[in-house]
Amino acid sequence: MAKCSLDTCRWTMLYLAISLLILVSDAKNVVVMFGDDAGIQMGAYNNPVCKTPNIDALAANGVTFRHGFTSVSSCSPSRSALLTGLPQHQNGIYGLASGRFHFSSFDNVISLPKILGDNGIRTGIIGKYHVQPESVYTFDFMETESTNDMNQIGRNITFMNYQVERFLSSYGDKPFFLYIAFHDVHRCRSPEPYGTFCERFGDPTKSNGSIPDWKPDYYDPKDVMLEKYVPDKPAARQDLANLYTITGRMEKSDALVSTTDVVPTVLDWFDIQYPSWKLFGQNVKLTGNSLLPALSNVESGGYGHVFASHNLHEATMYYPMRVLRTKDLRLIHNLNYMAPYPMAEDVFNSPTFMELLNNTEAGLNTGWIRFLEDYYFRHEFELFNVTSDPSELVNLAEDPSYYNILNGLKSKLSSWQETTGDIWRCEPRGILEANGNCISADNHLIRKYAAKLRCNVNTCQ
């Protein structure tokens, strides 16, 4: 079994666990469990307050990765990356696949369940689907929000257990791949504080009901553990206490691993070769790594960096970013850096952020660690030493002593973008031609405008 951790950075929001299970039969089987917005608030990651005994037991009998990342911190894009092994800019799901957004993978993308099905592996999904089209992401057994209420198939543990039992009783002697996608620990929706379902069954406050086989543990806000970037305020502590409660409903390696490693790991486990195919005339190559060597030997090398790629969340939140993370450094390339960074509605409306804004307006102490201008208006390149500066307050991109290091990381990031067919790779000052070359579109005014805009925001002379 393998468990993939979450690092406390902006890219690590969703990756909960991968379990390689050998059941009573001699067949190899794989179960992937995916927690929506799950973090490191669990015993397996040394949180002594939040009780997660089943996850802790899983970790105790497997390998826990201290540095596990999602390839993008947005729902549909991250799921598409996990199920294809391709970053969002390559598979086509640039933003949310639901509602009015309808981002969708390209029709000829080959997904993990497709490859497994073609090789005689029975496939199943139970829980949150949130990708499209179904022709790309097809499973033999599907119990998702397409045919069930999301709060039942994603949050009701009794109902999800029933569906798992249905799948297991129907697979026979064939090896299987089962993908269980929880909607927890995602915050329940507004305008009702916790949403209708959560008010009845999953609300972490004590006044509401309970799910029959889930006996929630309630936490005192004063006992929660605050990350360095979270202000020590009542709303923040209460928000985390609620998160602890919802999380309860759901050897160590220093290797840097990503959700894009899931496909090569599963294929390696089943001894299946990745198929040869092309996307827009370019040969498709997986850039992730199989984690099997790390599972058998936690000291295995070859896991020294991960990449990340973000374009949108909702359609109005366009801010393409590409990231290279090593053990100590994180390089961020903000391709649309002249525009203000768009904040997601569920962040802006969060209790913690609202208290910060209200206290700022009232002239009270807030515990801010940086100005909002630094959050909204960013430099094209950001380079942080996450070991010495875990809060990422000191941008080293313009430090002359990091000149060679910066250029080396830029080169690696650019090479990965080319390998993955990133059509944004020429931006922000170039245009990608059909032959794959970049032609300059820089009239030298862009950087002057961006510098002037930043000065206007910070009232510099």
In region 362-405, what residues are surrounded by 11 or more Cβ atoms within 10 Å (Cβ to Cβ) and small (Gly, Ala, Ser)?
367, 391, 397
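Report the residue count in region 84-94 for those that are part of a loop (DSSP other than H, G, I, E, B) and surrounded by 24 or more Cβ atoms within 10 Å (Cβ to Cβ).
From region 84-94, those part of a loop (DSSP other than H, G, I, E, B) are 85-87, 92-94; that's our starting set.
Of the ones still in play, those that are also surrounded by 24 or more Cβ atoms within 10 Å (Cβ to Cβ) are 85-87, 93-94.
Count: 5.
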So, residue 257, is that one part of a strand (DSSP E or B) and under 21 Å from residue 38 (Cα atoms) or not?
yes
From 56, 107, residue being modelled with pLDDT of 70 or more, assigned to a loop (DSSP other than H, G, I, E, B) and out of contact with any Leu (no Cβ under 9 Å at 6 or more places or on another chain)
107
Residues of region 135-158 satisfying the condition of being in contact with a helix residue (DSSP H, G or I) (Cβ under 8 Å, 6 or more places away or on another chain) and at pLDDT 90 or above:
136, 137, 138, 139, 140, 141, 143
Test each condition in (1) out of contact with any His (no Cβ under 9 Å at 6 or more places or on another chain); (2) modelled with pLDDT under 95; (3) surrounded by 24 or more Cβ atoms within 10 Å (Cβ to Cβ) for residue 77 and report the one that comes out false.
(1)
Restricting region 110-123 to residues that are under 23 Å from the mean Cα position of the chain (by Cα) and assigned to a loop (DSSP other than H, G, I, E, B), the residue that is surrounded by the fewest Cβ atoms within 10 Å (Cβ to Cβ):
110
Consider region 124-141. How many of its residues are crowded, with 23+ Cβ neighbours inside 10 Å, within 23 Å of residue 168 (Cα to Cα) and hydrophobic (A, V, I, L, M, F, W, C)?
3
Quick check, is residue 283 of a type in the set (S, T, N, Q) and under 29 Å from residue 63 (Cα atoms)?
no
Residues that are surrounded by 15 or more Cβ atoms within 10 Å (Cβ to Cβ), touching a Lys or Arg at 6+ places or on another chain (Cβ under 8 Å) and at pLDDT below 85, drawn from region 408-459:
446
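Taking the stated definitions as given, is residue 64 modelled with pLDDT of 90 or more and under 30 Å from residue 419 (Cα atoms)?
Judged against the criteria, residue 64 is not a match.
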Would you confirm whether or not region 34-48 contains a residue that is touching a strand residue (DSSP E or B) at 6+ places or on another chain (Cβ under 8 Å), buried (at least 21 other Cβ atoms within 10 Å of the Cβ), modelled with pLDDT of 80 or more and not small (Gly, Ala, Ser)?
yes
The lone exception for residue 132 - which of (1) modelled with pLDDT of 95 or more; (2) farther than 17 Å from residue 35 by Cα it fails
(1)
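The values are calculated or read from the model by the stated rules, or taken from the named source; none is laboratory data. Please read all numbers here as calculations on a predicted model, not as lab measurements. With ideal geometry, Cβ positions are generated from the backbone for all residues, glycine too; neighbour counts draw on all protein chains shown.
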